[in-house]
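This report concerns only the one structure given below.
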Amino acid sequence: MFFFRRKKSKIQVVESIPHGSHWSAVLGEEPEKESQAILGTIDQAVQNSQSATVFELKKGRKTQEIVLIETEFNAITVSVILVENELWSAYPKLNSSLFPSQHKAEIPTVLEWDNHIEAQIVAELFRPEVKLEFFATDYLKNKDKYVDAKSLHLNLSGIAYAIGIGGAESFEGSRSGIKFAPNFTGLFPSEYRSEYDFIGEIKEVQTAKFLEKDALVLYTKVCGTEEEEFTLPLGVLKSSVERTPQKGEFVQGAFWLAGNTLK
C-alpha cells in the first residue's frame, strides 16, 4: 500500500487587508472632492471599458457572477470589480504595458482575502531571505498560477504617495534615527501590508499623466547590490514631489506595491 503526503496549500485566508488611499495618490484632489472624483473615474472606466472578463465564484450552493473591468487612462490602468452587478472594489495601478519591470520570484505564500477575490502575494527575490508582499492585480484571472507555480515571472510597480529628495542622511520614514551608509538603499514595511517606506537611487525619469494630471515615473533602485539590484517604476503626481529628481540622485518616500504575472 502506498501513502501520498498531501501537498500543503500556499493559500492563507486572511481578513481584507487595510491600506492607504491609492486613489489620493493618483487623483490629487482635495479631501472634500475626492469621493466624487473616485466615483466619476470608476464610472468612466465602466463606460469606456477596454476589457471585461466574467468569472463565477461558488459560495456554498450559490454561484456569484463577477466581472473584472480594466480601462487605461494614460499612465494609469483602472480596475473595477463588480459582484452581481454591484460595485465591489476598484483600484488604480501603473500601466504595465507602458512601464514594464520584470522580475522572477519564488511564490511561497498567497494571502487570499476572505472575499476570495483579491490577494496579497509573498514573493522571494534572489534568495529566500529577500521577501516582499505585493497586491496581485490579476488574482481573479491568474489565481491558479499563483497557487500552483513554484516561481513566476512578475511585473512589479509602485504608486507613490509622496517622494522627497535626499537619501539615508535625511531619511524620515519608519526607521528614522538609524545610522545608514551614505549610498544605502532599502525597503521598510509600512503599517499596511504591501506598502513600503524606502530610500532609493534614481535610475531613469519619465514624464507621464495620471488621468489628466502631470506625473512622473521614476525607475528607482529600492534595494539590493550591484549583482542583485531591485529597481521599480514608481509613479507619482508631480505635485507630490519636491522637484523633479535627476538620474543618480537619492530619494525617499512611501509607495504601494502592485504586480501581475507575465506569460
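Restrict the check to segment 59-79 and report whether at least one residue is surrounded by 20 or more Cβ atoms within 10 Å (Cβ to Cβ) and of a type in the set (D, E, K, R).
Among the residues of segment 59-79, not one is surrounded by 20 or more Cβ atoms within 10 Å (Cβ to Cβ) and of a type in the set (D, E, K, R), which makes the answer no.
Residue 231: closer than 18 Å to residue 101 by Cα and part of a strand (DSSP E or B), yes or no?
So residue 231 fits the description; yes.
Being surrounded by fewer than 21 Cβ atoms within 10 Å (Cβ to Cβ), within 19 Å of residue 171 (Cα to Cα) and of a type outside the set (Val, Ile, Thr) narrows it down to one of 248, 253, so name that one.
Only one candidate passes the filter, namely 248.
Mind checking which strands (runs of 3 or more DSSP E) fall wholly inside segment 105-218 and carry at least 3 residues that are crowded, with 19+ Cβ neighbours inside 10 Å and touching a residue at least 24 places away in the same chain (Cβ under 8 Å)?
So the answer is 119-125, 131-136, 151-165, 195-210.
Pairs under 8 Å by beta carbon, first residue acidic (Asp, Glu) in segment 226-240, partner not in a strand (DSSP E or B), six or more apart or different chains?
Listed by first residue and then by second, the contacts come to 228/126; 228/130.
How many residues are at pLDDT 95 or above and in a loop (DSSP other than H, G, I, E, B) when one looks only at segment 244-263?
6
From the list 242, 195, which residue is closer than 23 Å to residue 125 by Cα and acidic (Asp, Glu)?
The conditions single out 195.
The values are calculated or read from the model by the stated rules, or taken from the named source; none is laboratory data. Small disclaimer: the values here were computed from a predicted structure and weren't measured. All Cβ positions, glycine included, derive from the backbone under ideal geometry; neighbour counts span all protein chains shown.
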